[in-house]
1. On average, how much area does the Cα convex hull of the protein assembly as shown cover when viewed from any direction, in nm²?
2. Could you tell me the distance between the Cα centroids of region B:75-93 and region A:139-173, to the nearest Å?
3. Convex hull volume of the Cα atoms in region A:63-215, per residue, in Å³?
4. Enumerate the calculated ³J(HN,Hα) couplings along region B:52-57 in order (Karplus 6.51 cos²θ - 1.76 cosθ + 1.60, θ = phi - 60°), each rounded to whole Hz, writing x wherever the residue is Gly or Pro.
5. Could you work out the Kirkwood radius for region A:4-57, taking every pair of different alpha carbons, averaging 1/r and inverting it, reported in Å?
6. Quick one: Karplus J couplings for region B:91-98, per residue in order, coefficients 6.51, -1.76, 1.60, θ = phi - 60°, nearest Hz, x for Gly and Pro?
7. State log₁₀ I(q)/I(0) for region B:32-115 at q = 0.20 Å⁻¹ as given by the Debye formula over alpha-carbon point scatterers of equal weight, solvent excluded.
8. Most exposed first by the Cβ proxy, i.e. fewest other Cβ within 10 Å, how do A:Phe199, A:Phe146 rank?
There are 2 protein chains.
Amino acid sequence: MTLSRKPLSTERVLRAALAMADAGGTDTLTMRALGQALGVEAMSLYKHVAKKDAILDGIVDLVVGEIDLPVPGDDWKTAMRQRAISAHDVLLRHPWACALLMSRTNVGPAMLRYVESTLHSLRSAGFSVALADHAWNAMDNHIYGFTLRKVNSPFATDEYAEAAETHLPSLPPGEFPYLTELAVQVMEGHYDGVPPFTFGLDLILDGLERALATH
Amino acid sequence: MTLSRKPLSTERVLRAALAMADAGGTDTLTMRALGQALGVEAMSLYKHVAKKDAILDGIVDLVVGEIDLPVPGDDWKTAMRQRAISAHDVLLRHPWACALLMSRTNVGPAMLRYVESTLHSLRSAGFSVALADHAWNAMDNHIYGFTLRKVNSPFATDEYAEAAETHLPSLPPGEFPYLTELAVQVMEGHYDGVPPFTFGLDLILDGLERALATH
DNA sequence: TCCTTAGGCTTACGATGTAAGTCAGCTTAC
DNA sequence: GTAAGCTGACTTACATCGTAAGCCTAAGGA
């Protein structure tokens, strides 16, 4: 058609891909569907992106770009804490992104800025180069690991009790007393069954503080 | 053919699938290839497994079954440390397993036993139900998060210096001083570029110890 | 006016998971 | 001993995916 749609661009392709992933996850993000969303045939996309992988890398970097960077002047610990919480929030907004982030090596501009600013904050606070590297890796492992597992958990937070009730009988009685105990506590409302993000995070931050002091 | 191969079974299918994943990753594990490895057509596998997903769940559970369970009598901290290191070792032996483990909900027998024994160790040491749940989640997030990122890292440990040297020039000079600084340290051999697994682990374990004491 | 070229389109190929149907041989009941 | 039925394999076929290769057309420059 000569309807002359607004011309495509890498930017527009990535934006549409991001929207599509947000709407239905990475499974629904196919080249044909993406083309259709842009009023174009699948193959036309290849004029603007090299491979589908490039699209995935691109939208992951867009997501990383949404994370609040640590404020340079702030105390390192509060800066890192805010950064981690922001990252967690962002990844929850884009539940598909976590798996991609962990399973491919991303070196887009947003990712570089993200790591750079983190190192900046730590180095300025007196962390050695190696310790700073250890530190941001420890924090990020927790951020990604926690978020990925949360995102892949089959139950919404408020369904846990119900789920426990449903599945409890399928555990061979007596064989798993501690799992049973946990399920019962959740069922009876004494515990919601969801470890808070900040629990592990603060374990790490406090540990880093001591590591920094011990130097 | 009436060659009457040893008859198939779910067990044999899973074993072969595990071997195939170990040999070439999950990408090479296709139903057709798996059938061929067993001297059988792809569709014949469906008499023994419901879907390919069931195979994936199955081999993940086989891998989890390789992890050394914490020894009941041991001090919780050393027990947890050994368990974590064993899990890390196992997941490095099966580099494809980590992503599967995190991205799907696995409730196979080995996984249940794994979690049960962990809770057992923690509860016996005086952790409350909720704290024990927080604790094993914090530990496991680190185990899986760390291992997954390590496994997906494009460079072998001893290639880091070389990689840093290769990629350093591609960083816009001056724009990423801290990343550059890190790369230089790796390049010059002052730091190998690989945070140790036990760094983050001990941060968490020490933190848990304090959380237990504070109760 | 003609030529280049950018940015679309069409067609086609080789994977892949799996639904559906077939068929041979073994087991079991009479 | 024979008929019936089940089991575990095979064959065929389909929809969907990424993408290679080549075509077509309209805009812009010479």
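Taken together, the values in this text are just the output of simple stated rules run on the coordinates, not laboratory data. A quick note: this is a predicted structure, and the numbers were derived from the prediction, not measured. Virtual Cβ from ideal backbone geometry, glycine too; neighbours counted across all protein chains shown.
1. Values: hull surface 104.5 nm².
It is 26.1 nm².
2. Centre-to-centre (Cα) distance: 22 Å.
3. Each residue corresponds to 143 Å³ of Cα convex hull volume.
4. 4, 4, 5, 5, 4, 4
5. 10.9 Å
6. Residue by residue, region B:91-98 yields 5, 6, 5, 10, x, 7, 6, 4 Hz.
7. Cα-only, vacuum Debye calculation for region B:32-115: -0.94.
8. With the fewest neighbours first, A:Phe199, A:Phe146 line up as A:Phe199, A:Phe146.
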